[in-house]
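The structure under discussion appears below in the form of structure tokens.
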Amino acid sequence: MFEEGHGVKVGLHATGPRISLDRRDFQVEPTRDAELVGYVREWLPGLDVTRSEAISCLYDNTERGDFIVDRRGPISVAAGFHGEGFKFVPLVAHYLRELVTGSGAAPEVFRL
């Protein structure tokens, strides 16, 4: 994904250990970083890996890989967007509005 002023953001999906946010150390893992650089060299030859900056990036996932958009009592929940939820913001917002106002429910596939 191109990020204005920074270049192209590339990452490995669903790799690394499960962590708790309150114990996150923000350290880059050299082995996985080397795997990513190798991937970029092979599949994205136009990118200059010598100018890359490694960062630690987290996002949430669900076991099934589906989003969660649901309500339990007075609490509405939207989670599990595993790095691509931004593409679905209008639809997620629509479902959340219906959940919050009580005027509808999210599809079964998104329920807790």
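Proximity of backbone amide H atoms, modeled 1.01 Å from N, is registered between V8 and E3 at under 5 Å, excluding neighbours fewer than 5 places apart on the same chain.
Within the chain, which is the longest segment containing none of the GluC sites (Glu not before Pro) that sit in a DSSP loop and have at most 14 other Cβ atoms within 10 Å?
Values: sites that count: E4, E53, E63, E84.
The segment 5-52 is the longest one with no such site.
The angle separating the long axis of helix 30-43 from the principal Cα axis of greatest extent in the chain is about 80 degrees. Net length available on complete extension from F86 to D66 is 5.8 nm, with 0.36 nm assigned per residue and the Cα-Cα distance removed.
Take the chain, mark every one of the chymotrypsin sites (Phe, Trp or Tyr not before Pro) that falls in a DSSP loop and has at most 14 other Cβ within 10 Å, then report the longest stretch left between them, sites excluded. Don't skip to the answer; put the middle values down first.
Working: sites that count: F26, Y59.
Here the longest run is 60-112.
Each Lys and Arg adds +1 at its Cβ and each Asp and Glu adds -1 at its Cβ; summed about the Cα centre, the chain shows a dipole of about 340 debye. Note on R51 and A34: their simple-model spin labels are 2.6 nm apart, each label 7 Å out from Cα toward Cβ.
Shape class for the range 2-51, computed from the alpha carbon gyration tensor (a ≥ b ≥ c): prolate, with a/c not under 1.5 and a/b above b/c.
In the chain, the longest principal axis of the Cα atoms and the axis of helix 89-101 are about 30 degrees apart. The calculated FRET efficiency for the pair H6 and A79, based on their C-beta separation and a Förster distance of 30 Å, comes to about 0.70. 3J(HN,Hα) couplings calculated from phi for the range 17-23 with the Karplus curve 6.51 cos²θ - 1.76 cosθ + 1.60 (θ = phi - 60°) are, in sequence order, x, 6, 9, 9, 4, 6, 10 Hz; Gly and Pro show x.
Rounded, prolate or oblate: which fits the range 68-110, taking a ≥ b ≥ c as square roots of the Cα gyration tensor eigenvalues, rounded meaning a/c under 1.5, else prolate when a/b beats b/c? Note, shape of the range 68-110 comes out prolate.
Which of the three applies to the chain, rounded, prolate or oblate, going by the alpha-carbon gyration tensor with a ≥ b ≥ c and a/c under 1.5 meaning rounded? Display every interim value, and only then the final one.
Numbers: a/c = 2.89, a/b = 2.07, b/c = 1.39.
Prolate shape, in that a/c is at least 1.5 and a/b is the bigger ratio.
The numbers here are math on the coordinates, done by the rules we state, and not lab data. Worth saying up front: this structure is predicted, and the values here are computed from it rather than measured. Neighbour counts run over all protein chains shown; Cβ positions are idealised from the backbone, glycine included.
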